[in-house]
Amino acid sequence: MSQKAHSNRLIINASELNQFETTYQENYNRMFNIGLKMTKDEEVVRDIIQDIFEKYYLRTKNGTSISKPQNWLVKATIFSCIDWNKSRKRFKEYEGALNQVSDEKQFAAIQNNNALEYALSKLKSEERTIIILYSEGFKYLEIAEIADVKHTSIGQTIARILRKMEKILKTINYELY
């Protein structure tokens with residue numbers, strides 16, 4: 001290979017690496033937050049995200065065009081977390097009040113988190129995905145694309161899911177304030 005061809009190849013690789021780094025920086029935190037909400041395990045989320053970015057890099061390096069990287073990465077995160085949860089049966093039943101917490105504010109925060117986790121665990125995986133994306137601040141159009149639902153009905157779908165969560169919380173006598 002000539003020196004010129006070799007140096008062009010390095011420039012392309014550096015450019016690919018810079019583009020990958022930018023995509024990584026722009027998406028990692030959002031992917032991590034979504035993964036953490038779905039798995040409740042930081043180490044698992046880090047492993048999942050590492051695998052996803054490896055797949056993303058290999059696909060783009062092999063010439064596969066991913067038109068909306070953010071959507072592809074978020075969707076991959078959601079599906080990987082769903083698969084992990086299914087394999088581990090991680091969503092547990094609500095366990096009531098925690099006896100060993102002395103600080104009232106900490107107790108309330110833990111109780112709120114447990115109640116919301118319980119309500120999320122009772123949703124279908126598609127509903128859970130939509131609500132988690134909504135809680136992460138995704139726009140309706142983005143949620144619709146990622147969850148593969150009609151954009152025109154996403155507002156109604158979110159409202160229906162929130163009503164369902166409210167009913168679930170009422171069954172355990174949990175009041176939202």
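The values are calculated or read from the model by the stated rules, or taken from the named source; none is laboratory data. Remember, it's a predicted structure, so these values are computed and weren't measured experimentally. For neighbour counting, all protein chains shown are included, and Cβ atoms are generated from backbone atoms with ideal geometry for every residue, glycine included. Quick note on the areas: whole protein, heavy atoms, side chains included, nothing else; ligands and nucleic acids left out. Shrake-Rupley method; radii C 1.70, N 1.55, O 1.52, S 1.80 Å.
For E136, no residue 5 or more places off, or on another chain, has a built amide H under 5 Å of its own. Karplus-based coupling profile of the range 63-69, in residue order and whole Hz: x, 6, 8, 10, 5, 10, x, with θ = phi - 60° in 6.51 cos²θ - 1.76 cosθ + 1.60 and x standing for Gly or Pro. The distance between label points at R160 and Y28 comes to 3.9 nm (points 7 Å beyond Cα on the Cα→Cβ vector). In this view, the solvent-accessible surface of D51, computed with a 1.4 Å probe and all protein chains in place, comes to about 80 Å².
Heavy atoms of the protein chains alone define the surface here; on that basis the range 7-85 has 60 Å² accessible area per residue at 1.4 Å probe size. Whole-Hz Karplus values for the range 146-153 come out as 5, 7, 6, 10, 5, 4, 5, 10 Hz, taken residue by residue from phi with 6.51 cos²θ - 1.76 cosθ + 1.60 and θ = phi - 60°; glycine and proline positions read x.
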